[in-house]
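The values are calculated or read from the model by the stated rules, or taken from the named source; none is laboratory data. Keep in mind that this is a model prediction, so the values were computed, not measured. Note that we place each Cβ from the backbone using ideal geometry, even for glycine, and neighbour counts take in every protein chain shown.
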Amino acid sequence: MKDSPVAPPMNSYEILRRRFLQTLWLTSLGVAAGPFVVPASVCSARADEPSMSLSLVGYNEHRTNLPGGRHANVSTNRAMVVKADGTERRSIGSELVNEAGTWTQFAGWSPDGETAVVLRGWESVENAQWEEEHKTFRFTPEGWLVDSYLVDMATGKAENVTGVERVSFYNSGLFFWPNDPTKLGFTALIGGNSKPFRMDLDGRNKTDLTKNSSGFASGFSSSPDGSRISYHENYQVYLADADGTNRVHVQTGHPFVFAPRWSPDGKWLLFVSGEHYNCHPHIVNADGTGLKKLADRGGYPGVIEFLDVPDYHGGSSDVPNWSIDSRSVFYTAKIGENVELFQITLDGQAEQLTRSAEGTLHYHPTLSPDGRWIVYGSKRSGVRNLFVMRLSDRKEHALTNVSAGHAAMHAYWQPRTVEK
């Protein structure tokens with residue numbers, strides 16, 4: 001595809017928008033298949049947990065050390081699923097990788113666990129080379145095509161819902177609308193701005209929820225009852241009704257506010273707030289009031305690098321997550337040279353869950369649907385793998401075992417147990 005002309009120099013607002021584009025890309029980036037060996041201890045140790053072993057975890061694998069920069073490694077990204085005991089690993093949506101420069105990324109589940117959300121990305125070689133030379137992203141219709149698919153787990157059929165009545169060449173962040181099985185939410189890049197959209201389950205009737213805003217919105221999600229939405233726009237968090245009206249700016253006094261997440265009971269909103277690369281877990285009430293800093297990350301910038309080769313914009317945002325009962329938050333923070341996993345209650349009682357060998361970096365903690373297990377990434381001896389911990393006794397086992405030069409990241413628990 002044809003290269004686009006080089007853009008003119010950017011003013012400060014354009015730089016801010018490009019940073020948001022980078023954030024959109026990094027948070028939607030999942031990552032490509034490599035050698036996998038199931039440890040014998042994993043295969044034999046899970047007989048006492050049948051419900052856990054039947055669950056699936058969606059995630060991504062990618063190469064980390066191929067020469068050529070970002071695109072050479074990102075284009076190896078593949079959407080994967082594995083049983084939570086570490087067995088029966090397989091790729092999904094593999095038929096979507098049907099041309100050079102294309103990859104897939106696991107991005108979520110339907111509420112019943114029968115359907116997976118898989119992102120298909122494509123970038124031209126010419127555009128990737130331009131980005132490497134100029135050390136920045138350039139999102140154009142000629143150089144990019146990103147869509148979100150619904151993949152039926154039983155049949156493997158993939159449906160491109162963002163390609164129906166298309167509004168953008170870059171569509172990510174797809175989710176099933178809570179409490180309304182007829183609707184989906186997603187984020188579309190339009191005219192250089194990212195916009196939250198709502199649409200029907202078949203991809204029709206796409207509605208822009210920030211029609212009157214020229215800001216760059218990302219991190220879009222709905223409250224558990226489906227009546228409210230949240231997102232960050234120009235590094236500030238906003239709340240609104242489900243149709244985008246009655247927008248409220250969450251006041252923090254900080255220049256960098258990012259990645260809002262609703263508590264499971266819908267009473268709280270969690271996000272990170274502070275300075276860029278120096279932001280910490282905060283919460284507010286569902287109406288945006290009552291700001292409270294929950295924890296300090298001890299100098300951890302909140303980014304886990306996902307490549308081992310030079311990268312003009314390295315890192316995937318490592319943000320905190322809720323417990324199932326909405327009474328505590330899981331997050332990562334720096335201790336010495338490590339990044340360890342913590343749990344903190346809403347009244348500020350923190351507990352360190354991991355105590356690791358020197359140089360270990362944990363990232364992306366996510367709770368299982370029953371709240372008994374937590375899956376997280378861990379970089380050990382230079383390799384990024386996924387691990388599962390039983391919270392009752394902190395017993396840990398490896399979920400993946402990729403080798404050097406590969407990575408496993410971005411885990412998503414299947415919302416329900418699948419019976420054999």
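Below, the figures for the structure above:
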{"item": "Selection count, region 316-336, where residues are in a strand (DSSP E or B) and loosely packed, with under 14 Cβ neighbours inside 10 Å", "result": "0"}
{"item": "One residue from ASP347, ASP311 being out of contact with any strand residue (DSSP E or B) (no Cβ under 8 Å at 6 or more places or on another chain), outside any strand (DSSP E or B) and surrounded by fewer than 17 Cβ atoms within 10 Å (Cβ to Cβ)", "result": "ASP347"}
{"item": "Residue identified as within 28 Å of GLY68 (Cβ to Cβ), of a type in the set (Asp, Glu) and surrounded by fewer than 20 Cβ atoms within 10 Å (Cβ to Cβ) among GLU133, GLU165", "result": "GLU133"}
{"item": "Test: residue in region 99-107 that is at pLDDT 95 or above and farther than 22 Å from ALA408 by Cα", "result": "no"}
{"item": "Residue match in region 146-164 (condition: closer than 14 Å to THR115 by Cα and among the acidic types (Asp, Glu))", "result": "yes"}
{"item": "Residue satisfying condition, being modelled with pLDDT under 95, touching an Asp or Glu at 6+ places or on another chain (Cβ under 7 Å) and on the phi > 0 side of the Ramachandran plot, within set GLY266, GLY315", "result": "GLY315"}
{"item": "Members of region 254-278 that are of a type in the set (A, V, I, L, M, F, W, C) and within 18 Å of the chain's Cα centre (by Cα)", "result": "VAL257, PHE258, ALA259, TRP262, LEU269, LEU270, PHE271, VAL272"}
{"item": "Single residue of region 68-83 satisfying the filter (in a loop (DSSP other than H, G, I, E, B) and modelled with pLDDT under 95) that is nearest to ALA407 (Cα to Cα)", "result": "GLY69"}
{"item": "Flag if VAL339 is surrounded by 20 or more Cβ atoms within 10 Å (Cβ to Cβ), not in a strand (DSSP E or B) and not charged (D, E, K, R)", "result": "no"}
{"item": "Among the candidates TRP122, TRP130, residue that is over 19 Å from THR187 (Cα atoms), out of contact with any helix residue (DSSP H, G or I) (no Cβ under 6 Å at 6 or more places or on another chain) and of a type in the set (Phe, Trp, Tyr)", "result": "TRP130"}
{"item": "Residue under evaluation ASN77, criteria (1) buried (at least 21 other Cβ atoms within 10 Å of the Cβ); (2) over 27 Å from TYR412 (Cα atoms); (3) without any contact (Cβ under 8 Å) to a residue 60 or more places away in the chain, criterion not met", "result": "(2)"}
{"item": "Close pairs (7 angstrom Cβ cut-off, 6 or more residues apart or separate chains): touching a residue at least 12 places away in the same chain (Cβ under 8 Å) in region 392-414, of a type in the set (Asp, Glu) anywhere", "result": "VAL402/GLU61; HIS406/GLU61; ALA407/GLU61; ALA408/GLU61"}
{"item": "Of all residues in region 251-282 being surrounded by 22 or more Cβ atoms within 10 Å (Cβ to Cβ) and among the β-branched types (Val, Ile, Thr), the one that is farthest from ILE335 (Cα to Cα)", "result": "VAL257"}
{"item": "Strands (runs of 3 or more DSSP E) contained in region 168-253 and holding at least 1 residues of a type in the set (A, V, I, L, M) and under 18 Å from the mean Cα position of the chain (by Cα)", "result": "171-176, 183-190, 217-222, 228-233, 236-241"}
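Conditions tested, residue by residue: (1) under 15 Å from THR104 (Cα atoms); (2) in a loop (DSSP other than H, G, I, E, B); (3) touching a residue at least 12 places away in the same chain (Cβ under 8 Å); (4) under 24 Å from the mean Cα position of the chain (by Cα).
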{"site": "TRP122", "(1), (2), (3), (4)": "yes, no, yes, yes"}
{"site": "GLU126", "(1), (2), (3), (4)": "no, no, yes, no"}
{"site": "GLU133", "(1), (2), (3), (4)": "no, no, no, no"}
{"site": "PHE137", "(1), (2), (3), (4)": "no, yes, yes, yes"}
{"site": "GLU142", "(1), (2), (3), (4)": "no, yes, yes, no"}
{"site": "SER148", "(1), (2), (3), (4)": "yes, no, yes, yes"}
{"site": "VAL151", "(1), (2), (3), (4)": "yes, no, yes, yes"}
{"site": "GLY156", "(1), (2), (3), (4)": "yes, yes, yes, yes"}
{"site": "VAL164", "(1), (2), (3), (4)": "no, yes, yes, yes"}
